[in-house]
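Any read-out appearing in this document is the output of simple, stated calculations on the displayed coordinates, not a laboratory observation. What you see is a predicted model; the values in this text were computed from it and never measured. Positions of Cβ are generated from backbone atoms using ideal geometry, with glycine treated the same way; all protein chains shown enter the neighbour counts.
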Amino acid sequence: MEPDGSVRHVPTQIVVIENQYFAKVNSLTNSTYSLVYHPVTFVDVDRHWAKVAVNDMGSRMVINGIGNDLFNPDQSITRAEFAAIMVRGLGLKSTGGDTSFSDVKTTDWFSGAIQTLYQYKLMDGFEDGTFRPTDNITREQAMKMIAQAMVLTDLKSKLFAEESAAELKPFTDGNTVAEWAKTSVADVIQAGIITGRSPTTLAPKANISRAEVAVIIRKLLQQSGLI
């Protein structure tokens, strides 16, 4: 809970010790904490493969719907939207101040999230100094950011030393992964956070969907022992 009365998600596990339930809060910042019961069920994911992850992340206030209890799971997601979800998922306190990118204004709704991820070294822009917040984010871009978050959650240190080529070998399009993303993609695959669109197709250049984002954020938190 923030001083202004607003609330934000903090990764939390419910654990049982001697038949008693306890909430284990995993926070990177100091704040006032309160348990919130916030069950969410999106009607358009009832038969969707990502139903459990979408409803769980919605209940934890990590992802938002589009209104009328709808989530639109197969829609692409922008880089700004992904940034906001990353901040909420990790329970980071949004920072203010001047932005680091020429196309992100301090008045933009996503400015705080992007600046927060930049300060934590979780998100990069482009060589021309832009962030391109309204561009759809690709799967390999998302995997790069998830891999950077794995360093913050200490999940990266638990991985085996492995050549990226070995993790990409099962995928017929593994050779299309950008050089700057190969190590990151290999890390998230090894960590069990992301899989291919099929057993042999990784689709690194494809836009990632809202459902896929819900799944990988949830898996990041689970594999990191945060939820």
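General observations
- The chain: calculated mean residue ellipticity at 222 nm from DSSP helix runs of at least 4, using -39500 (n - 2.57): -9500 deg cm²/dmol
- The convex hull defined by the C-alpha atoms of region 114-227 has an orientation-averaged projected area of 7.2 nm².
- The residues Asp154, Asp135, Asp187, when put in order of fewest to most other Cβ atoms within 10 Å, stand as Asp154, Asp135, Asp187.
- Distant-in-sequence amide H partners of Ile63 (H built 1.01 Å from N, under 5 Å): Gly58
- In terms of surrounding Cβ atoms within a 10 Å radius of their Cβ, Val215, Val87 rank from fewest to most as Val215, Val87.
- The relative contact order of the chain comes to 21 percent, based on Cα pairs under 8 Å that sit 6 or more residues apart.
- Candidate cross-link partners of Lys156 among the lysines, defined by an alpha-carbon separation under 23 Å and a same-chain spacing of 8 or more, comprise Lys24, Lys93, Lys121, Lys144, Lys169, Lys182, Lys219.
- Dipole magnitude of the chain about its Cα centre (Cβ charges: Lys, Arg +1; Asp, Glu -1), debye to nearest 20: 380 debye
- Of the chymotrypsin sites (Phe, Trp or Tyr not before Pro) found in region 60-137, the ones in coil according to DSSP and having at most 12 other Cβ atoms within 10 Å of their Cβ are Trp109, Phe126.
- For region 117-158, the spread of Cα positions along the three principal axes, ordered from largest to smallest, is 33, 22, 15 Å.
- GNM flexibility winner over the chain from Gln119, Gln141, Gln190 (Cα, springs under 10 Å): Gln119
- Of the GluC sites (Glu not before Pro) found in region 135-167, the ones in coil according to DSSP and having at most 13 other Cβ atoms within 10 Å of their Cβ are Glu162, Glu163.
- On the principal axes of its alpha carbon atoms, the chain extends 48, 46, 38 Å, with the longest extent given first.
- Loop-located chymotrypsin sites (Phe, Trp or Tyr not before Pro) in region 143-201 (DSSP state other than H, G, I, E, B) with a sparse environment of at most 15 neighbouring Cβ atoms within 10 Å: Phe160.
- Counted by neighbouring Cβ atoms within 10 Å, the residues Ile189, Ile66 run from fewest to most as Ile66, Ile189.
- Each other residue within a Cβ distance under 14 Å of Phe160 adds +1 if Lys or Arg and -1 if Asp or Glu, for a net charge of -2.
- Estimated FRET transfer efficiency (Lys93, Ala161; beta-carbon r; R0 25 Å; 0.05): 0.15
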